[in-house]
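Encoded as structure tokens, the structure appears first; notes follow it.
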Amino acid sequence: AFLEAHLQGGADAEEAKAGGLSLQAFENTDPYQAWLDADQAAGELVVRGRRPGDQIKPLGMNGHTIKISDLMINVKMPRRARSGWPLVCLEDEALWVPGFATSHTSRVKKDTRLIYHLWLRRAGGSGG
């Protein structure tokens, strides 16, 4: 695999705000990092490839859904990369397509209590 995902979860939102994380969580400009509301993403997060029919409710689309396949076409992702591109999912719901979309469903809000911080990096690279 060219990429690996790292999940770092359970940061207390108050501690995160005190540490300056809230600015990043609310105004994230790095498409290879995501902050998710842990209460909205309660359950086992899994990293997997795309499946037929997968959808996401991207931030900025007022809760409307888009097929992951359509998203990948819209962002001009090379066809050869699509099947192996990692998705972070909760059960059958995609919460994050690294580099392209974070789910409206699990967005960090002012009343968020726990935050998952996720990032993606090239396998064998540094960072995170």
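The C-beta contact set for region 38-57 (first residue of a type in the set (Asp, Glu), second residue open to solvent by less than 30 Å² (accessible area, probe 1.4 Å), distance under 7 angstrom, 6+ apart or interchain) comprises ASP54/ILE68; ASP54/LEU87; ASP54/ALA94.
Select from region 58-103 the residues that are within 22 Å of ASP39 (Cβ to Cβ) and in contact with a Gly (Cβ under 8 Å, 6 or more places away or on another chain) and list them in ascending order. The answer is LEU87, LEU90, GLU91.
Scanning region 85-100 for residues that are open to solvent by less than 10 Å² (accessible area, probe 1.4 Å) and small (Gly, Ala, Ser) yields one hit, ALA94. When region 44-70 is limited to residues that are more than 14 Å from the chain's Cα centre (by Cα) and assigned to a helix (DSSP H, G or I), the one that is surrounded by the fewest Cβ atoms within 10 Å (Cβ to Cβ) turns out to be ASP70.
The values are calculated or read from the model by the stated rules, or taken from the named source; none is laboratory data. Not measured: the values here are computed from a predicted model. Backbone-built Cβ (ideal geometry, glycine too); neighbour counts: all protein chains shown. Note: accessible area is taken over every heavy atom of the protein model, side chains too, but ligands, DNA and RNA are not part of it. Shrake-Rupley method; radii C 1.70, N 1.55, O 1.52, S 1.80 Å.
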